[in-house]
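Only the coordinates and a few stated rules stand behind these numbers; no lab work does. Values in this document were obtained by computation on a predicted structure and should not be read as measured data. Methodologically, a virtual Cβ is constructed for each residue, glycine included, from the backbone with ideal geometry; neighbour enumeration extends over all protein chains shown.
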Amino acid sequence: MILENIALAFGAVFELRNLILMTLGVTAGLIAGSIPGFTITMAVVLTLPFTFGLTAVEGLATMIGVFVGGLSGGLMSGMLTGIPGTPSSIATTFDGFPLARSGRPGYALGIGVWSSFFGGIFSAVLLVTLAPRLATIGLEFGPWDYFALVLFALTITASLSGETLIKGIIAGMLGLLVATIGEDDVNGVERFSFGNDMLANGFSFLPVLIGLFAFSQLLSDIQDTETARKPLMEAGDAKGVKVEHWNAIKTIVKSWTNVVRSSLIGVFTGILPAAGGSISNILAYDQAKKASKESDKFGTGHVDGIIAPESANNATAGGALITMMALGIPGDVVTAVMLGALLIHNVQPSPTFIIDNPELAYSIFIAFFLAHFIMIGMQSFCLRAFLLVVRIPMYTLACVILVYCAIGVFALNNIQDDIWTLFIFGIVGYGLRLLGFPLAPMILGVVLGHVAELNLNRAVTISTTGDQFLLDMITRPWSLFFLILASFSLMFPFYQKHRSSKTWTVFFPPLLVLALSIPMFMMDGMVRTVIAFGLIAIAGYLVVKAGRRGFRVDPDDTPLTPTA
Amino acid sequence: MAVSRDTIVAILLLAFTALMWNASTEIEITPYATMASSVWPQIILVGLGIFSALLLAQAVTTKAPAEFKADRLGPAALLARYRNALIIYVLFFLFLITLPYLGMLIGATIFVFLALTLLGRLSPRMVGVHALIALGSVGVMWAIFTYALHVILPQGEILSNMY
């Protein structure tokens, strides 16, 4: 059966039309990723209007191409100009730029490109093996568990996406509120319409998303007139650079432990809702530096300083796809957009997604593998295209893309109200950005609002009373598991802020691990009981380790920031 | 005492929450529903109210950062800072209002041309370049969506009357 599905998926992915679309997607992603201020999310968001005219396989494969291309594209500008193309490549710049500046730009690019490739392939293998298994665990979830999972996704997004937790949570709640406008899914009752037809119909998810993210991002990019009128960057020195493939591969193979460690960090970060490549590349860089015998050379052009972030950021994509495909929960904003693309094709991501849509699911797996090979092939070509594109001033790009957004949004449902929605949420998004509110929680709120309400409704219906519902929430193991994670994720910003100064932070990790062992004990099966005992052992080890240091905090253990 | 930006934002959020709460009490309650349609929005609004109040408390008790104080601008300076965003919003609004008459092809071309001309440097040469960019970019997008993706974009009364 699996082989049959793989064969079907191979047939769909390797169709000439799909291959052309994927190549275009990877190319667009590589170029978009290399332009500072033009994030991967925006590139994927802008691909969305095209996908409605394609089959589900073609649409998703193209978006995966853009995603993978974007993750790898950021390294080009980071290495050649010192300005990272995307937040996912910030740490790459720390060593990539000095190495390129020392007269070896081709070698630096080669290391970056091939590290991206190996990190991506590593996560693709984990995606294929883990997603179906995680989906079988997801089948155990009842509505209480799903509701708690959504709460966790929102709290961790709020705590990771900005400096102010309160603003992150408010943004998430605004997103949830936006999703309630219009007709209620369960009872068919109109809500918050204020007598307006447009509000009575509710907002389509995609125009909201494009308005919040792309429209507001473009306006932020052109805010300063002088900067907007200049070419995107000066990359004149990069002419004639040739990627040193063979030397790079040999170097990376020698540092295979770094590749594996960084890829694992990337996959794990991707699995967590909302934690994307912007976090994983810095985490992996930090771990590589700690593990290296030449840590003092980091920042001067050390190859391990390029391998770690580039392996990690591509591996993050695989992790995010695992969460999306196995649980129907977006791992980050990019997969939230992909979830939107699935909805366009009437495919509902859930734990039964892989079973219900095997051809599409396996096509996603194969497309993710294939995108990395295309990325390698297109890198040299895109290096030339990058040098041309960066000569365009930002205001020109922004004006053209704004019209493209309007046309694309109209194309989704063929109604002009969607362009108004784009406009309104463009204003909202820009305002929120200026006021310091992170947009990721709001976007996730809009995406997950319906899922949360539907599962809350189901849970309340089954539990029959409010008290019984609350009891079910804390006595069902998976629900309790996610509620514990949600509670700790709310505390995480405080832990991050004080972990080099306050003693209580020493107990935060062991307490989390210990708390998670409780729902594991409540679950059926010997394996989970063993895992629970394992978690207690880890908690004990962490306490003993801290005790040996006299429960003192490490002053050097400062929170990681992009400027670290 | 200077009122910080977050204080104003939090007060506005609380007012918005109150308005929405009031609207939520008017949501129809159906006899067949296990959970009334107003319950979920009201849960969100309670949360929004609590966190807006926390934001207000935080804004009132926290000293405004020095850069924020230095950042206080008069109306003219504010207008200058957000000039480009305002231009785009006004032009986009006009584009939307005139869309039924001008249609996507003409309306979008005019929008791109005006936006480029107002945001970019003003010279006869640049006006020409902007006109070419507007015609080329919108023309290509219009053709892709119309002929390759078979989307019927708004034609507008002007073009409709011509045929």
- Item | Sequence-separation-based contact order of chain A, relative, with Cα cut under 8 Å and 6+ spacing, percent | 24 percent
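Set the Förster radius R0 to 41 Å, insert the Cβ-Cβ distance between A:H345 and A:A537 as r into 1/(1 + (r/R0)^6), and round the FRET efficiency to 0.05.
Working: r = 46 Å, r/R0 = 1.12.
Efficiency computed from Cβ-Cβ geometry: 0.35.
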- Item | Amide H contacts of A:E183 (H built 1.01 Å from N, under 5 Å, at least 5 apart or other chain) | A:R191, A:G202
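First obtain the Kirkwood hydrodynamic radius of chain B from its Cα pairs, then insert it into the Stokes-Einstein equation at 10 °C and 1.306 mPa s, and state the resulting D in µm² per second as a whole number. Kindly include the intermediate steps, with their values, before the conclusion.
Values: Rh = 20.9 Å.
Translational D for this selection: 76 µm²/s.
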- Item | Selection from B:N22, A:A546, A:P49, by position along the positive dipole direction of the protein assembly as shown (Cβ) | A:A546
- Task: Report the relative contact order of the range B:5-72, percent, no decimals, based on alpha-carbon pairs under 8 angstrom and at least 6 residues apart.
- Result: 45 percent
- Item | From phi via Karplus (6.51, -1.76, 1.60), per-residue ³J(HN,Hα) for the range A:449-458 in Hz, x at Gly/Pro | x, 5, 4, 4, 5, 4, 6, 4, 4, 4
- Message: Can you give the FRET efficiency to the nearest 0.05 for A:R133 and B:I43, using r as the Cβ-Cβ distance and R₀ = 45 Å?
- Response: 0.85
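Can you put A:L387, B:L119 in order, fewest other beta carbons within 10 Å first? Write out the running numbers ahead of the final one.
Working: A:L387 18, B:L119 23.
Ranking A:L387, B:L119 by Cβ neighbours within 10 Å, fewest first, gives A:L387, B:L119.
Give me the extension gain from A:R229 to A:V125: residue separation times 0.36 nm, minus the current Cα-Cα distance, reported in nm with one decimal.
Values: separation 104, 0.36 × 104 = 37.44 nm, distance 4.44 nm.
Full extension from A:R229 to A:V125 adds 33.0 nm.
Per residue, how much space in cubic angstrom lies within the convex hull of the C-alpha atoms of the range A:402-468? Could the numbers behind the result be given before it?
Values: hull volume 8.6 nm³, N = 67.
Per residue, the Cα convex hull of the range A:402-468 comes to 128 Å³.
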- Item | At 1.306 mPa s and 10 °C, Stokes D of the range A:334-468 from Kirkwood alpha-carbon radius, µm² per second | 82 µm²/s
- Task: Multiply the residue gap between A:L16 and A:T352 by 0.36 nm, knock off their C-alpha separation, and tell me the result in nm, one decimal place.
- Result: 118.0 nm
- Query: Under the Karplus relation 6.51 cos²θ - 1.76 cosθ + 1.60, θ = phi - 60°, what is the ordered set of whole-Hz ³J(HN,Hα) values for the range B:133-140, x standing for Gly and Pro?
  - Reply: 4, 4, 4, x, 5, 5, x, 5
- Message: Could you tell me the calculated FRET efficiency between A:A385 and A:L470, based on Cβ-Cβ distance and R0 = 45 angstrom, to the nearest 0.05?
- Response: 0.20
- Message: If N is the number of residues in the range B:5-72, what value comes out of its Cα radius of gyration divided by 2.2 N^0.38 Å?
- Response: 1.53
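Using only the Cα atoms of the range A:110-229, build the gyration tensor, take square roots of its eigenvalues as a ≥ b ≥ c, and label the shape rounded, prolate or oblate: rounded if a/c is under 1.5, else prolate if a/b is larger than b/c, else oblate.
Numbers: a/c = 2.13, a/b = 1.14, b/c = 1.87.
It is oblate, given that a/c is not under 1.5 and a/b is not larger than b/c.
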- Residues of the range A:403-420 with backbone N under 19 Å of the label point set 7 Å from the Cα of B:H150 along Cα→Cβ are A:408, A:410-415
- What stretch of chain A, leaving out the sites themselves, is the longest with no trypsin sites (Lys or Arg not before Pro) in a DSSP loop having at most 15 other Cβ atoms within 10 Å? A:1-238
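Which of the three applies to the protein assembly as shown, rounded, prolate or oblate, going by the alpha-carbon gyration tensor with a ≥ b ≥ c and a/c under 1.5 meaning rounded? Show your work: numbers first, answer last.
Working: a/c = 1.33, a/b = 1.08, b/c = 1.24.
Rounded, since a/c falls under 1.5.
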- Query: For the residues A:E453, A:E140, what sequence is obtained by ranking on other C-beta atoms within 10 Å, fewest first?
  - Reply: A:E140, A:E453
- Message: Can you compute the modelled spin-label distance between B:L54 and A:T503, with each label point 7 Å from Cα toward Cβ, in nm?
- Response: 2.7 nm
- Task: Starting from the Cα of A:T529, step 7 Å along the direction of its Cβ; do the same at A:N413; then give the gap between the two resulting points in nm.
- Result: 5.3 nm
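Neighbouring Cβ atoms within 10 Å as the yardstick, rank A:S72, A:S479, A:S220, A:S501 fewest first.
A:S501, A:S220, A:S479, A:S72
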- Note on the structure: Placing each pseudo-label 7 Å from Cα in the direction of the beta carbon, B:E26 and A:W246 end up separated by a distance in nanometres of 7.6 nm
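In terms of the Cα gyration tensor, with a ≥ b ≥ c the square roots of its eigenvalues, is the range A:464-548 rounded because a/c is under 1.5, prolate because a/b exceeds b/c, or oblate? Spell out each step's value before the answer.
Values: a/c = 3.73, a/b = 1.42, b/c = 2.62.
Oblate, because a/c is 1.5 or more while a/b does not exceed b/c.
Considering only Cα-Cα distances, which of the following residue pairs are longer than 21 Å: A:K293/A:K497; A:K254/A:K289; A:K289/A:K502; A:K254/A:K293?
Numbers: A:K293/A:K497 28 Å; A:K254/A:K289 16 Å; A:K289/A:K502 25 Å; A:K254/A:K293 14 Å.
Flagged as over cut-off: A:K293/A:K497; A:K289/A:K502.
Around A:I443, with a cut-off of 13 angstrom between Cβ atoms, what is the net charge of the other residues, counting Lys and Arg +1 and Asp and Glu -1? If you can, show how the numbers build up before the last one.
On the way: positive: A:R433; negative: A:D332.
Net charge in that neighbourhood comes out at 0.
Looking at the range A:1-85, which chymotrypsin sites (Phe, Trp or Tyr not before Pro) are in a loop (DSSP not H, G, I, E or B) and have at most 15 other Cβ atoms within 10 Å? Mind showing how you got there, number by number?
Numbers: sites: A:F10, A:F14, A:F38, A:F50, A:F52, A:F67; in loops: A:F14, A:F38, A:F52.
Of the chymotrypsin sites (Phe, Trp or Tyr not before Pro), the ones in loops of the range A:1-85 whose Cβ has at most 15 other Cβ atoms within 10 Å are A:F14.
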